[in-house]
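Chemist: Attaching a single structure in structure tokens format; questions to follow.
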Protein chains: 2
Amino acid sequence: MARTPQKRTLETRARLVAVAQDIVARNGFEALRVEDVVQVAGVAKGTFFAHFRDKDALMDRLIGARLDAEIDAMVAAPPPRDLAQMVDRLVPLLTFMTSERYVFDVILRYSGAAAREEIGAIATTFGRQIEVFIGWIEGGDFRRDVPAAILAEGVQAFAVQVMALRFCALHGGNGLRDPLSTYLAAWLSPPQPSA
Amino acid sequence: MARTPQKRTLETRARLVAVAQDIVARNGFEALRVEDVVQVAGVAKGTFFAHFRDKDALMDRLIGARLDAEIDAMVAAPPPRDLAQMVDRLVPLLTFMTSERYVFDVILRYSGAAAREEIGAIATTFGRQIEVFIGWIEGGDFRRDVPAAILAEGVQAFAVQVMALRFCALHGGNGLRDPLSTYLAAWLSPPQPSA
DNA sequence: CAAGATAATTGACCGTGGTCAATAGTGTAA
DNA sequence: TTACACTATTGACCACGGTCAATTATCTTG
């Protein structure tokens, strides 16, 4: 089914990705232009679209790689024992996700595998996140009356909520930490005996 | 500061909106093209952008109006006394929001007031939602250990989560009701004595 | 009403993502 | 090496959102 790709193909694709990464490193994701990529890479425009379905497919790959690196770092650190630590572990990931409005939008759009298409890099990292959260929740002092998988999905939902708040004029740019702590305290704390 | 708008202006804007609504009614939001709108309305393209900052500003208005109507219906119905009823009240709103992938994306992008710009129609309806949820939560049999405002924002976060899931190939098109019930049960239920 | 000021409208033009029929390159078998 | 099938590349072209200097309509004031 899948033919062996030619050496030339792999070189071209690698060059496109390398050039794109370079442009992003210099000017950010939002500033990336397909025309710039192909011009610097020295190929025609059509070549780009022979390698990537559309511009977003390249973005999915670039942003997905960065998300993967953030999750690697999350996993490398010791698992959080309590809520404050969990928030600490999350902040770097959420900081990258909100580094640009454009990046956040792309991530939201591709965080679920697009229907009937293959699952993309960003969507894969969202699956990874859930796995990591489940591990954290099972290993820490959190509520047990709800399955860890549901709790993990809730953590993701609140993370998105907090990130969206960051781009909101009303609840303007106050940090990620405080609102996330508030939500997760209410979501993850074991039922209090008194209160 | 604000000049009185000319009669002509109001007519032109009304015509643009009417034509756009008609196109949306026929072919959906995604199919709307600015060029079609101006062509049918009988004005030049530049005129459109003298009335709306960009295409999204028109979308914000059209979608915002629909959201407002859904919220009106939500408010008109008797407030929910329990979780199942709350989910019932929410489903029509969420169904509209997920009627098109494109609509959902626009809503997400504009659900928070865009930084430093005026608050838009969609963002306003998200504020309304919170108010409605607060009222529901205060009037029903839900947990009291967390401020109603926080609980309301959580309801919104879970609603977004459930809608996003709908467009996800993995957890494919299963309804809104079940996952939403699961999340909200864990989020809103008063702490159980046993279990 | 005339003249000037302000606001609305026009449409040629641009930027940029994306398409596709034609062409060139690559691997393979005789 | 030649012939052939298949793959990769090309670049002119299109779609569509958005811009702006020039033009036209409307309002105001004497």
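The values are calculated or read from the model by the stated rules, or taken from the named source; none is laboratory data. These figures come from a predicted structure and were not determined experimentally. As a convention, Cβ positions derive from the backbone with ideal geometry for all residues, glycine included, and neighbour counts pool all protein chains shown. Please note that ligands, DNA and RNA were not included when accessible areas were found on the heavy atoms of the full protein model with its side chains. Shrake-Rupley method; radii C 1.70, N 1.55, O 1.52, S 1.80 Å.
Chemist: Would you mind giving the total buried accessible surface between chains B and A, with a 1.4 Å probe and ligands, DNA and RNA left out, rounded to the nearest 100 Å²?
Modeler: 2300
Chemist: What is the helix-to-structure angle for A:101-110, meaning the angle in degrees between its Cα long axis and the longest Cα principal axis of chain A, kept from 0 to 90 and rounded to the nearest 10?
Modeler: Helix A:101-110 sits roughly 90 degrees off the main axis of chain A.
Chemist: Another question about this same structure. Taking the Cα centre as origin and putting +1 on Lys and Arg beta-carbons and -1 on Asp and Glu beta-carbons, what dipole magnitude results for chain B, to the nearest 20 debye?
Modeler: The calculated dipole for chain B is roughly 600 debye.
Chemist: Find the centroid of the Cα atoms in segment B:11-39 and in segment A:62-86, then give the distance between the two in whole Å.
Modeler: Comparing the Cα centres of segment B:11-39 and segment A:62-86, I get a distance of 46 Å.
Chemist: To the nearest 20 debye, what is the magnitude of the charge dipole of segment A:1-52 about its Cα centre, counting +1 on the Cβ of each Lys and Arg and -1 on the Cβ of each Asp and Glu?
Modeler: Dipole about the Cα centre, nearest 20: 300 debye.
Chemist: Could you give the size of the charge dipole of the protein assembly as shown about its Cα centre, using +1 on the Cβ of each K and R and -1 on the Cβ of each D and E, expressed in debye and rounded to the nearest 20?
Modeler: The dipole magnitude comes to about 1100 debye.
Chemist: For B:Gln6, which inter-copy label distances result when the label point lies 7 Å beyond Cα on the Cα-to-Cβ vector, reported in nm to one decimal and in ascending order?
Modeler: Output for B:Gln6: 6.1 nm, nearest copy listed first.
Chemist: Here is a further query. In deg cm²/dmol, rounded to 500, what helix-only [θ] at 222 nm does chain B give when every DSSP H run of at least 4 residues adds -39500 (n - 2.57) and the total is split over its residues?
Modeler: Using -39500 (n - 2.57) per qualifying helix, the result is -22500 deg cm²/dmol.
Chemist: Measure nothing fancy, just the Cα-based angle from helix B:7-27's long axis to the longest principal axis of chain B, in degrees from 0 to 90, nearest 10.
Modeler: 60
Chemist: I want to verify a result. In a Gaussian network model of chain A, Cα cutoff 10 Å, which of these has the top mean-square fluctuation: A:Asp145, A:Asp68, A:Asp82?
Modeler: Greatest mean-square fluctuation among the candidates belongs to A:Asp145.
Chemist: Please average, across the residues of B:150-156, the number of beta carbons from any other chain that are within 10 Å of each residue's own beta carbon, and give a whole number.
Modeler: Averaged over the peptide's residues, the number is 4.
Chemist: Something else about it: Relative to the longest principal axis of the C-alpha atoms of chain A, give the angle of the C-alpha long axis of helix A:177-188, reported between 0 and 90° and rounded to the nearest 10°.
Modeler: With rounding to tens, the tilt is 60 degrees.
Chemist: Which distances, in nm and shortest first, link the B:Glu100 label point to the same label point in every other copy, taking 7 Å along Cα→Cβ?
Modeler: 2.7
Chemist: Over chain B, what is the mean sequence separation of C-alpha contacts under 8 Å (at least six apart), divided by residue count, expressed as relative contact order in percent?
Modeler: With pairs under 8 Å counted, the relative contact order is 19 percent.
Chemist: What are the label-to-label distances in nm, one decimal and shortest first, from A:Glu131 to the same spot in the other copies, with labels 7 Å along Cα to Cβ?
Modeler: 4.6
Chemist: What are the semi-axes of the equivalent ellipsoid of the protein assembly as shown, taken as the square roots of 5 times the eigenvalues of the Cα gyration tensor, listed largest first and rounded to whole Å?
Modeler: Whole-Å semi-axes of the equivalent ellipsoid: 36, 32, 18.
Chemist: Another question, if that's okay. Could you list the trypsin sites (Lys or Arg not before Pro) in segment B:49-131 that lie in coil according to DSSP, counting only those with at most 15 other Cβ atoms within 10 Å of their Cβ?
Modeler: B:Arg53, B:Arg81, B:Arg116
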